[in-house]
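Notes for the one structure printed next.
The values are calculated or read from the model by the stated rules, or taken from the named source; none is laboratory data. Values in this document were obtained by computation on a predicted structure and should not be read as measured data. Cβ coordinates were reconstructed from backbone atoms using ideal geometry, including for glycine residues, and neighbour counts include every protein chain displayed.
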Amino acid sequence: MAERRVECAWKRHISEQLKLRDRVQRHAFEEIIHQYNRLLEKSDLQAVLSERYQPEKYDVQRGHEASSGADSSRSDALQQEMAQMRIKHQEELTELHKKRGELAQSVIELNNQIQQKDKEIQSNEAKMQEYQQQIANLEGDCRELRSCLQDLERANQTLKDEYDALQITFSALEEKLRKTAEDNQELVSRWMAEKAQEANRLNAENEKDSRRRQAKLQKELADAAKEPLPIDPDDDIEVLAEDGGKGGGETSPNRPLSRTPSKKISQPPPGGLLDSISNIFGYVALKLPYVWSPSRRRSANSFSTSPENTEAPSGACAEVRVPSTALHVFEAHDGEVNAVRFSPGSRLLATGGMDRRVKLWEVIAGHCESKGALTGSNAGITSIDFDSAGSYLLAASNDFASRIWTVDDYRLRHTLTGHSGKVLSARFLLDNARIVSGSYDRTLKLWDLRSKVCMKTVFAGSSCNDIVCTEQCVMSGHFDKKVRFWDIRAESIVRELELLGRVTSLDLNHDRTELLTCSRDDLIKIIDLRTNAIRQTFSAQGFKCGADWTRVTFSPDGSYVAGGSAEGALYVWNVLTGKVDRTLDRNHNSAINAVSWSSSGAYVASVEKGSKAILWSDM
């Protein structure tokens, strides 16, 4: 029915257009044709009159001859009248012939126009047939599209029903997850409270045992001093014998050595606050026979429980120097410099830039000398990390990959690909056999360097800007303003901490008990990992975080924090007072992207959005 209606409609439309054209064209020429017909009638009438007057003329002549001039005056008048009529008729005939010629020319022109119009009609009819064929084809296409549209509507309805069902299921699971998270948080809080109580109890017991052992040891030493014993090679503690008598005179170098009985001093039983809380964060708690106090944090690095650990490792921090002078300002890269890192021994400085290279610099007497460049990256470098021995260098890149070079021969050893976005940070784990990388594609990947494969992929839900690692925990800072704590063994979030701005940088102190964060709200914060609470917040009037990858750093002993501002100033805060200790603002010409403090404590390096790098110290 619909097709018949469409067919009748276009036929009716064409008929009406033809009638309209007939009326328009006929009206234009109707008056001309009418005048032409009138002229034809006049011409015919003139011919009739001419034929009529011709016999009359002959009759007059014959009558004149017959009458032989009977009435000459009458004949003359009649002839004069006839002559006038003949002249008049001749003029009218001439005029009519002239008009007839003009009308004939008009008729010829009109005939030409009619022929042109006929040609146009034929052309239009051909076009109409072509358009009718196109209309038929389009109607077929419309029928097919309507059929496809109906199929798509049915499929869409099915998908909508499935989506509604999945949405209901998701809401139920989300509610279940929320309740489970609340229950888990409650259990963790109870567990932490119980652990804290147990730690306090164990500390109290350790303190009592320590006092008992010290009293016993003093008593044994006093007894040994009174009765010198023969030297036994198995004894562990040597004590100089006292001079005779209670007066206690000077000790003679030739006096024999006296020892306590052959008995080793036992190590305190395991326990204490650090042993009970360290668990997931992977730092080794020192089994001290006294209660741990934050005031002893700075001296914890040099403490050891065995003679083998008395020697400080290479590059260990002897004294932190607060930077005040730019010792060396140099062009590090051809373009923006994104990353900087000192090697564990503080001998080498590595920088990475948008020129796709990692450059190594040897620090000699406050001056940086170029050692070489590590090549192989196909895009700009975003972060740099050394392994604990300083033998390998790890760099993340904008070409969706991370790469590892050996520092001695500058050879590219591993290329780790698998991310679908630029890799913004990559770190070695403490075992140096695994690394963790965080990417713009909102995932974190755990890589095994022995097998060169990705062991785990974790979806974080937001772009990862920086990463720090302990033995079993990964801490990641994200674009959605959250710091996430991941348990590597369980592939799950241990907890989250939300800040007021996008997280740009993370750093751990030497004890791995405090986390340093920097965010786009221009605040630097220290988070206590044992209490999961923000312990301290740093800010300054001129300090402004310049980018989503601005890096800040702890000093090696954790007493200072250094960070660069968008205006090119380097700020150093004192952790103890919480105030700015130094502001160095005359050397950088653009925003500072990253800062690194050498493990020896002597130097600080900073790089900028320009091409410069600066080595700082207090000299």
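Residue 566: modelled with pLDDT under 90, in contact with a Lys or Arg (Cβ under 9 Å, 6 or more places away or on another chain) and not polar (S, T, N, Q), yes or no? Even if it seems obvious, please write down each step before you answer.
Numbers: modelled with pLDDT under 90: no; in contact with a Lys or Arg (Cβ under 9 Å, 6 or more places away or on another chain): yes; not polar (S, T, N, Q): yes.
It is false that residue 566 is modelled with pLDDT under 90, in contact with a Lys or Arg (Cβ under 9 Å, 6 or more places away or on another chain) and not polar (S, T, N, Q).
Could you check the stretch 453-483 and list, in sequence order, the residues that are more than 12 Å from residue 517 (Cα to Cα) and among the basic types (Lys, Arg)?
Narrowing the stretch 453-483 to residues more than 12 Å from residue 517 (Cα to Cα): 453-464, 469-474, 479-480.
456 - this is the single residue of the stretch 453-483 that is more than 12 Å from residue 517 (Cα to Cα) and among the basic types (Lys, Arg).
Which ones in the stretch 514-560 are basic (Lys, Arg), in contact (Cβ under 8 Å) with a residue 24 or more places away in the chain and farther than 22 Å from residue 593 by Cβ? Break it down into steps so the answer makes sense when it comes.
At the first step, the residues of the stretch 514-560 found to be basic (Lys, Arg) are 520, 525, 530, 535, 544, 551.
This time we only want the ones that are in contact (Cβ under 8 Å) with a residue 24 or more places away in the chain, so: 520, 525, 530, 551.
Hit for the stretch 514-560 is 530, nothing else.
Scan the stretch 421-451 residue by residue and report those that are surrounded by fewer than 16 Cβ atoms within 10 Å (Cβ to Cβ), at pLDDT 90 or above and either more than 27 Å from the chain's Cα centre (by Cα) or in a loop (DSSP other than H, G, I, E, B) (or both).
Within the stretch 421-451, just 421 meets the criteria.
Answer with yes or no whether residue 606 is assigned to a strand (DSSP E or B), in contact with a strand residue (DSSP E or B) (Cβ under 7 Å, 6 or more places away or on another chain), closer than 19 Å to residue 366 by Cα and of a type in the set (S, T, N, Q).
Taking the combined requirement at face value, the residue satisfies it.
How do the pairs read when you match residues in the stretch 411-424 that are touching a residue at least 60 places away in the same chain (Cβ under 8 Å) and more than 10 Å from residue 443 (Cα to Cα) with residues anywhere that are of a type outside the set (Asp, Glu) and assigned to a loop (DSSP other than H, G, I, E, B), using Cβ under 8 Å and keeping only pairs 6 or more apart or on different chains?
424/440; 424/463; 424/549
This table checks each residue for (1) among the charged types (D, E, K, R); (2) closer than 25 Å to residue 330 by Cα.
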| residue | (1), (2) |
| --- | --- |
| 372 | no, yes |
| 385 | yes, yes |
| 414 | no, no |
| 423 | no, no |
| 441 | yes, no |
| 449 | no, no |
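Under the condition of being touching a residue at least 24 places away in the same chain (Cβ under 8 Å) and more than 25 Å from the chain's Cα centre (by Cα), which residue from the stretch 489-513 is nearest to residue 178 (Cα to Cα)?
Filtering the stretch 489-513 down to residues touching a residue at least 24 places away in the same chain (Cβ under 8 Å) leaves 491, 494-495, 497, 499, 501-513.
Keeping just the survivors that are more than 25 Å from the chain's Cα centre (by Cα) gives 494, 508-513.
Values: 494: 15, 508: 31, 509: 33, 510: 36, 511: 34, 512: 30, 513: 29 Å.
This residue is 494.
So, of the residues in the stretch 552-587 that are assigned to a loop (DSSP other than H, G, I, E, B) and of a type in the set (Lys, Arg), which turns out to be farthest from residue 338 (Cα to Cα)? Spell out how you get there, then give the answer.
Initially, the stretch 552-587 is screened for residues assigned to a loop (DSSP other than H, G, I, E, B), giving 552, 555-559, 565-569, 575-579, 585-587.
Next, from what is left, pick out any that are of a type in the set (Lys, Arg): 579, 586.
Numbers: 579: 27, 586: 20 Å.
The residue in question is 579.
Residue by residue, here is whether (1) within 30 Å of residue 14 (Cα to Cα); (2) hydroxyl-bearing (Ser, Thr, Tyr) holds:
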site	(1), (2)
89	no, no
94	no, yes
102	no, no
112	yes, no
144	yes, no
167	no, no
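Residues checked against (1) within 22 Å of residue 378 (Cβ to Cβ); (2) in a loop (DSSP other than H, G, I, E, B):
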site	(1), (2)
399	yes, yes
455	no, no
497	no, no
512	no, yes
